[in-house]
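The next block holds one structure in the form of structure tokens; read it before the comments.
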Amino acid sequence: MKRIIIGVLLGTTSMAMTAQETITVSVSNPSKQERTDQPVIIALKEYGDVRSALVTTDGKEIACQLDDLDQDEEYDELCFLANLKGKEQRQYSVTLYHEGEPRPYPARVYAEMLMRNDKVKEKNRHDNFIESITARGDCANPYNLQHHHGVDFESELNGIRIYFDKRQTLDLYGKFKKRLELQETQFYTSDKQKEQGYGDDVLWVGNTFGLGAFRGWDGKEPTMIDPVRNRTQRIISYGPLRTIVEIIDRGWQLPTAPVNMTIRYTQYAGHRDTDVDVFFNKDVSSQLFSTGIINVKGSEEYSDHQGLRACWGTDYPSTDTVKWKRETVGLGIWIPKKYIASEEPANKDNYAFVVKTDNRHLSYKVTYTSANEEFGYHTAQAWFDYLRTWRKEVDQPVTTRQRRTSASLR
């Protein structure tokens, strides 16, 4: 009996010795205002091959997520979300394991790509799930390759799809209730689901920016992402705390030279705003680009002329004005000043910015509300007030410090 017990104890000790290392992360809120669902990101390169993780604060486990950003089957980042009172500093203990699988947590975000299934008649029941798709530049109609015309993703507060064509426009889903819905509706809400309080498409985008699509610039107006050698959409991460999707355009013919461009959209749980990062494979600092938001018909504009621009307006989300009702939305975009070449006057299509990068990367944020929301904003003034507060939060992110508190025993 003693030998058996010793053997088990030695085996347990051996497993523990191969398992882990611990980091203490201090997260501080510089603002007097309470901050919820604030992303904390830990780069994992220096910690070796991390396979699972545990995050605790005040002795309680909280959800975390491991992401393989470059798709090489090794996790590159750990993410968790911090909740902090005004001026609070909170300690988090992060244990990294070199074996096992990521812990499961309830999903607070969702992402989906679908090919049509001709055997399925209901538009919200298709089941040919994919994770990546690439179309050649001479593909006749990439827009109709995917069931809902491109990748979609959501948090509890929003829902976005990105068209798989030269426009690469962000189209919007408006909710009534704060919850995940796209898995059930697939951007095609049935009449029964509408009776149950599910949301639906709330924006007509056409050839406009929609909500912050990234485009070229010819000196006078935006240009589409065309011609390209090929274009790809793919899902990098499904959640549970953030979903990451990428749009990749290879061989985009710019006036200077062809480039490869990757646009990464990151959606965090609890957020109505979405992070946009644009990466190039070479220096494009001599090139101008554009982005902005659609000029919703009859919309009221707001700009602080420091990178924040918004509108509030009402229009039909479809050319079918019998089936669809008019929808009221508020849109917003924030671009760091260092990337702005000019803020263009509004025209019938867009509120545009001309943008640039100092080398190979630029970033910005987009956000929106639907007046249908039980939890949101219902006037232009309320929306613009929210955006001013949001801008302050963006300018004052939570800060983090981390220290290794135990070395790996691998």
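The values are calculated or read from the model by the stated rules, or taken from the named source; none is laboratory data. Predicted, not measured: the structure shown is a model, and the values here were computed from it. Methodologically, a virtual Cβ is constructed for each residue, glycine included, from the backbone with ideal geometry; neighbour enumeration extends over all protein chains shown. Heads up: the accessible areas ignore ligands, DNA and RNA and are worked out on the full protein's heavy atoms, side chains in. Shrake-Rupley method; radii C 1.70, N 1.55, O 1.52, S 1.80 Å.
Residue 259 passes all but one of (1) out of contact with any Asp or Glu (no Cβ under 7 Å at 6 or more places or on another chain); (2) without any contact (Cβ under 8 Å) to a residue 40 or more places away in the chain; (3) closer than 30 Å to residue 132 by Cα; (4) open to solvent by 30 Å² or more (accessible area, probe 1.4 Å); which number fails?
The number of the failed condition is (4).
Taking the condition within 19 Å of residue 115 (Cβ to Cβ) and part of a loop (DSSP other than H, G, I, E, B), does residue 165 pass?
Numbers: within 19 Å of residue 115 (Cβ to Cβ): yes; part of a loop (DSSP other than H, G, I, E, B): yes.
Here the answer is yes, as residue 165 does meet what is asked.
Across the range 168-191, what is the number of residues that are in a loop (DSSP other than H, G, I, E, B) and of a type in the set (A, V, I, L, M)? Break it down into steps so the answer makes sense when it comes.
From the range 168-191, those in a loop (DSSP other than H, G, I, E, B) are 168-169, 175-181, 186-190; that's our starting set.
In the following step, the residues that additionally are of a type in the set (A, V, I, L, M) were identified as 180.
Qualifying residue count, the range 168-191: 1.
Filter the range 52-89 for residues that are open to solvent by 60 Å² or more (accessible area, probe 1.4 Å) and part of a loop (DSSP other than H, G, I, E, B) and give the result.
Within the range 52-89, 58, 59, 70, 71, 72, 73, 74, 85, 87 meet the criteria.
Return the pair list, or none, for Cβ contacts closer than 7 Å from residues in the range 335-359 that are over 21 Å from residue 394 (Cβ atoms) to residues that are open to solvent by less than 10 Å² (accessible area, probe 1.4 Å) and assigned to a loop (DSSP other than H, G, I, E, B), at least 6 apart or on different chains.
If the second residue must be open to solvent by less than 10 Å² (accessible area, probe 1.4 Å) and assigned to a loop (DSSP other than H, G, I, E, B), the pairs left are 349/208; 350/208; 350/209.
What are the pairs, 6+ residues apart or on separate chains, where a residue within the range 105-120 that is within 15 Å of residue 233 (Cβ to Cβ) has its Cβ under 6 Å from a residue that is among the acidic types (Asp, Glu) and open to solvent by less than 70 Å² (accessible area, probe 1.4 Å)?
Filtered contacts from the range 105-120: 112/152.
When you check residue 220 against the structure, is it out of contact with any strand residue (DSSP E or B) (no Cβ under 9 Å at 6 or more places or on another chain), among the basic types (Lys, Arg) and either over 27 Å from residue 186 (Cβ atoms) or not in a loop (DSSP other than H, G, I, E, B) (or both), yes or no?
Yes.
Find the residue count for the range 198-253, including only residues that are over 30 Å from residue 375 (Cβ atoms), of a type in the set (Phe, Trp, Tyr) and open to solvent by 10 Å² or more (accessible area, probe 1.4 Å). Give the derivation first.
Of all residues in the range 198-253, those over 30 Å from residue 375 (Cβ atoms) come to 207, 215-232, 234, 248-253.
Filter once more, keeping what is of a type in the set (Phe, Trp, Tyr): 217, 252.
Then drop every residue that is not open to solvent by 10 Å² or more (accessible area, probe 1.4 Å), which leaves 217.
So the answer is 1.
Report, ordered by the first and then the second residue, all pairs with beta carbons closer than 7 Å, sequence separation of six or more or different chains, a first member in the range 80-98 that is closer than 27 Å to residue 51 by Cβ, and a second member that is among the basic types (Lys, Arg) and open to solvent by 20 Å² or more (accessible area, probe 1.4 Å).
Here the result reads 82/90; 97/51; 98/51; 98/410, each pair linking the range 80-98 to a residue that is among the basic types (Lys, Arg) and open to solvent by 20 Å² or more (accessible area, probe 1.4 Å).
Taking residue 145, is it hydrophobic (A, V, I, L, M, F, W, C), out of contact with any helix residue (DSSP H, G or I) (no Cβ under 6 Å at 6 or more places or on another chain) and either open to solvent by less than 70 Å² (accessible area, probe 1.4 Å) or on the phi < 0 side of the Ramachandran plot (or both)?
On the way: hydrophobic (A, V, I, L, M, F, W, C): yes; out of contact with any helix residue (DSSP H, G or I) (no Cβ under 6 Å at 6 or more places or on another chain): yes; either open to solvent by less than 70 Å² (accessible area, probe 1.4 Å) or on the phi < 0 side of the Ramachandran plot (or both): yes.
Considered against the rule, which asks whether it is hydrophobic (A, V, I, L, M, F, W, C), out of contact with any helix residue (DSSP H, G or I) (no Cβ under 6 Å at 6 or more places or on another chain) and either open to solvent by less than 70 Å² (accessible area, probe 1.4 Å) or on the phi < 0 side of the Ramachandran plot (or both), residue 145 comes out as yes.
Tell me whether the range 338-349 contains one or more residues that are in contact with a Gly (Cβ under 7 Å, 6 or more places away or on another chain) and either open to solvent by less than 30 Å² (accessible area, probe 1.4 Å) or hydroxyl-bearing (Ser, Thr, Tyr) (or both). First the steps, then the outcome.
Residues of the range 338-349 in contact with a Gly (Cβ under 7 Å, 6 or more places away or on another chain): 340.
Within this subset, residues satisfying the condition of being either open to solvent by less than 30 Å² (accessible area, probe 1.4 Å) or hydroxyl-bearing (Ser, Thr, Tyr) (or both) are none.
No, the range 338-349 has no match at all.
Restricting attention to the range 192-200, does a residue exist that is within 20 Å of residue 274 (Cβ to Cβ), assigned to a strand (DSSP E or B) and at pLDDT 95 or above? Steps first, please.
We begin by selecting, within the range 192-200, every residue within 20 Å of residue 274 (Cβ to Cβ); these are 199-200.
Applying the additional criterion that residues be assigned to a strand (DSSP E or B) yields 200.
After this cut, where a residue has to be at pLDDT 95 or above as well, the list is 200.
Yes, because at least one residue in the range 192-200 is within 20 Å of residue 274 (Cβ to Cβ), assigned to a strand (DSSP E or B) and at pLDDT 95 or above.
Quick one: in the range 91-120, which of the residues that are outside any loop (DSSP other than H, G, I, E, B) and open to solvent by 50 Å² or more (accessible area, probe 1.4 Å) is farthest from residue 245 (Cα to Cα)?
Our first condition is that a residue be outside any loop (DSSP other than H, G, I, E, B); within the range 91-120, this holds for 91-97, 110-112, 114-115.
Restricting the remaining residues to those that are open to solvent by 50 Å² or more (accessible area, probe 1.4 Å) gives 91, 115.
Values: 91: 30, 115: 17 Å.
So the residue we want is 91.
Go through the range 223-246 and report how many residues are among the charged types (D, E, K, R) and assigned to a strand (DSSP E or B). Walk me through how you get there before you give the answer.
Looking only at the range 223-246, we keep the residues that are among the charged types (D, E, K, R), and these are 226, 229, 231, 234, 242, 246.
From the residues that got through so far, the ones that are assigned to a strand (DSSP E or B) too are 231, 234, 242, 246.
Adding up the residues that qualify gives 4.
Sort out which residues of the range 121-134 are surrounded by fewer than 19 Cβ atoms within 10 Å (Cβ to Cβ), touching a residue at least 40 places away in the same chain (Cβ under 8 Å) and in contact with a strand residue (DSSP E or B) (Cβ under 7 Å, 6 or more places away or on another chain), and write them in order of number.
131, 132, 133, 134
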